[in-house]
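Input: a single structure, listed below in C-alpha cells.
We did not get these values from a lab; they are worked out from the coordinates using the rules stated. Since the structure is predicted, the reported quantities are computational estimates derived from the model, not experimental observations. Neighbour counts run over all protein chains shown; Cβ positions are idealised from the backbone, glycine included.
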Amino acid sequence: MSDLAIETSGLVKVFGDNRAVDGLDLAVPAGAVYGVLGPNGAGKTTAVRMLATLLRPDGGQARVFGHDVVREADAVRGRVSLTGQYASVDEDLTGMENLVLLGRLLGHRKAAAADRARELLEAFGLTDAADRQVKNYSGGMRRRIDIAASILNTPDLLFLDEPTTGLDPRSRNQVWDIVRIVVAHGTTVLLTTQYLEEADRLASRIAVIDHGKVIAEGTPGQLKSSIGAGSVHVRLRDPHRRPEAERLLAEALGAPVYIDADPVALTARIIGNGRDEAAAEQASRALMELSRAGIVVDDFSLGQPSLDEVFLALTDKPAA
Amino acid sequence: MTTTETYTPVAETVGAVLSRQSRPPRPSAWSASLTFGWRAMLKIKHVPEQLFDVTAFPIMMTLMFTYLFGGALAGSPSQYIQFVLPGIMVSSVVMITMYTGVEVNKDIERGVFDRFRSLPMWRPAPMVGYLLGDAFRYTMASTVILVVGLILGFRPPGGVVGVVAGIALLVGFSFAFSWVWTMFGLLLRSEKSVMGVSMLVLFPLTFLSNVYVDPSTMPGWLQAFVNVNPITHLVSAVRSLMGGTTDSGEIAWVLIAAAVCIAIFGTLTMRLYNRK
C-alpha cells in the first residue's frame, strides 16, 4: 500500500499503428485534484479508461490505491467512479430513474435508492427536472446528473474526463464549484482537460501529456514559471514593418516571436526574465520600443499562457 | 427551467450528500440482472414505438403468409394456418432477437455502457438484463401472433398446455440464441452493421427451414441444410407441442442447441465485454 491514489509506470496502450498511451508514468497523491492536461488525441481518455478498468493495458503497470487495475479490477471498481466526456447516463430514462437504477445496481434497497436519488437531485438543483428524460436536459444539467450518478456511492477516486468541454461559462463554473466541494470532502479527483485555465484553477498538480507520454509535471506555479507568464499579441498598421517589429520585440522580451498567418500580426511570449517583473510591465516596455521606432500598433492584447503556449514551450510546436 | 439554470452549488447541501455513509453490500447476480431488466421495461415505457416490431410486424407476417400461400399450399388459408402458425411464430420471434444486438451497440455508442462496466457487480448482469427485457418482448410477440391466429381459425389440438409449453420453449430458445447478437453488438462498430449481419444470418436461417413448406418438396442438398438448421428443430418441437403430439426428441435437440448457444456465444460475449 502507498498513500498514492494512482501510480503508473510505463503504461502502454496501442490501437493498430497508434500508440495512444506510450509509456505513461504518473504518481497522483490522494486527497487533491490532479490535472492531466493535453490536446485532443494526447491519450488522456485512453489513460483514464485503463485506470477505471474499462480498457486493458498493453504494457506497463497501473495501481489505484495499491490495487492492480488488471489483476484486482474488482477492488478498483469498488473505490472509483467515472464521468466520461459524454454524459454516461441513459438518455431515454428520467433523471430520477437513472439515479434509482444506479442505486439499485450499487446494492441499495428500493426505498433507500429512491431516497438517495431525491437527495442527490436536490443537491444538484435537478429536483424540477427529476421526471424529465435526460435527453431533454441542457448541457449543464446533463453534466450535473452525470456527476450526481458518479458520487451515488461517494467514491475515493473520481475520474472527470473533460468535464467542461462544450459547456457555457456558467455551467462550467458550476462544475468547478462541485469539484471543489467533492475534493474538500476527501475524494481524490483526476481531471483531464484541454484548458490550462481549468487545470490552473482546480488542480494542485498537473501532468502535461502529449503522444501518450508525460512531458512536464508539477504544480501550476512551477509549470507556468517554466513556460513564461503569458504572451503579447500585436497588430501593426503596416505589414512591411513586421520584420523590424519582430526583431525589436525579440530583443525587448528576450523570447521567441511567432509570425501569425495574418500579415500584420505577431505574437511574442513573455518569459520570466529573472527580474520578477510583471508580464504587463515587460509587454509595455516592448511596445514602447515599437513606438520609438515609429512602428504604428493598431491593436494589442496581453494573454494568459494558453495550452498552445504550454506546448510551444515544452515541445516547440503548437498543440495539435 | 429558471430554478435549474440558475443553480449554484452550495457547499453544505452538496457536502451533505457526500457524507461517507457505509456503502451497501453489492447486489446479488440475480438482483443486478433484474434491475437491468427493469431498465428495459422503463425504456419500453418511454419509447413505446419500439414495440412495433413485436406487434405490427408479427401481425403482418401472419396475415401475409396465411393468405399468400394458404390457398396454393394447403387448399385454403384456414387449413394452412394449422400448419404454418407455429412456424410463423418461431420465425417472427427469432427475427426479433436481432434487436438485442442493436440495443447493446446503441448503449456503447452513447457511453452509458462505460458506466455499467465500471460498477463493481456481477459482470454478465447488463447482458442478462437486456435478454430478460427481450424475453418479455418475445412473449408479447408470441401472444400477438397466437391471438391473430385464433381469430383466423387456428385451433391447436395441444390445448392451453401445449400452446403455453410451445411458447415457453420458443422464448427459452430465443433467450439463448440472443447471445449471438450480444456478441455482434459488442464486436461490430455501428448499429447499421449489426443490422446488416443480423439480416444475413436470419434470413437464410428462418426461410431455409420447415416454417413455410414441407422440406420433402425441396432438392436433396437443400434438405440437408434444412435438416440441421436449428430453426427446423425448434419449429418441429413447437408444432408438436401445440399439435398435442409432443416430440421429446425434437425438444431435447432444441434444449441442447440452446445450451450450446449460451456456452459458446455467452462466453464470447463476456470475453468481449471484459476486453472492450
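Nearest 10 degrees is fine. How inclined is helix A:95-105 to the longest principal axis of chain A, computing both from alpha carbons? For helix A:95-105, the angle is close to 60 degrees.
Residue farthest toward the positive end of the dipole of the protein assembly as shown, with Cβ of Lys/Arg at +1 and Asp/Glu at -1: which of B:164, A:243, B:228? Sorting the options by dipole projection puts first B:164.
GNM on chain A, alpha-carbon springs under 10 angstrom: the most fluctuating residue among A:94, A:192, A:164 is A:94. For the segment A:54-66, counting C-beta atoms of other chains within 10 Å of every residue's C-beta and taking the mean gives 1.
Between the Cα long axis of helix A:169-184 and the first principal axis of chain A there is an angle of about 60°, rounded to the nearest 10.
The helix-only estimate of mean residue ellipticity at 222 nm for chain B, built from DSSP H runs of length n ≥ 4 each weighted as -39500 (n - 2.57), is -24500 deg cm²/dmol after division by the residue total.
Can you give the charge dipole size of segment A:229-304 about its Cα centre, rounded to the nearest 20 debye, using +1 on the beta carbon of Lys and Arg and -1 on the beta carbon of Asp and Glu?
Here segment A:229-304 has a charge dipole of around 100 debye.
Measuring r between the beta carbons of residue B:223 and residue A:135 and using R0 = 51 Å, the FRET efficiency lands at 0.50. When B:273, A:258 are arranged by Cβ crowding within 10 Å, least crowded first, meaning fewest neighbours, the order is A:258, B:273.
Dividing the summed helix terms, -39500 (n - 2.57) for each DSSP H run of n ≥ 4, by the number of residues in chain A produces a 222 nm estimate of -11000 deg cm²/dmol to the nearest 500.
Averaged across the residues of A:98-105, what count of C-beta atoms belonging to other chains lies within 10 Å of each residue's C-beta?
For this peptide, the per-residue mean of nearby foreign Cβ atoms is 6.
Potential lengthening of the chain between residue A:72 and residue A:119 amounts to 13.7 nm, from the contour at 0.36 nm per residue minus the alpha-carbon distance. Take each peptide in A:35-48, A:288-301, B:96-109, count the other Cβ atoms within 10 Å of every residue, and average; sorted highest first, the result is A:35-48, B:96-109, A:288-301.
Taking 0.36 nm per residue of separation and subtracting the Cα-Cα distance, full extension of the segment from residue B:200 to residue B:275 would add 24.4 nm.
If R0 equals 25 Å, the separation of the Cβ atoms of residue B:190 and residue A:14 corresponds to a calculated FRET efficiency of about 0.60.
Taking every alpha-carbon pair under 8 Å whose residues sit at least 6 apart, chain A reaches a relative contact order of 19 percent. In this simple spin-label model, placing a label point 7 Å from the Cα along the Cα-to-Cβ direction at both residue A:302 and residue B:263 gives a separation of 7.6 nm. Once the C-beta distance of residue B:46 and residue B:16 is scaled by a Förster radius of 45 Å, the resulting FRET efficiency is 0.90 to the nearest 0.05.
Remark: mean inter-chain Cβ contacts per residue of A:138-148 equal 2, using a 10 Å Cβ-Cβ cutoff to other protein chain atoms.
Rounded to the nearest 20, the size of the Cβ-charge dipole of the protein assembly as shown about its Cα centre is 1380 debye, with Lys and Arg at +1 and Asp and Glu at -1.
When each of B:122, B:181 is scored by the number of other beta-carbon atoms lying within 10 Å, the sequence from fewest to most is B:122, B:181. The translational diffusion coefficient of segment A:229-304, from Stokes-Einstein at 4 °C and 1.567 mPa s with a Kirkwood hydrodynamic radius over alpha carbon pairs, comes to 107 µm²/s. For the listed residue pairs A:13/B:106; B:106/B:192; A:110/B:43, the alpha carbons are over 21 angstrom apart in A:13/B:106.
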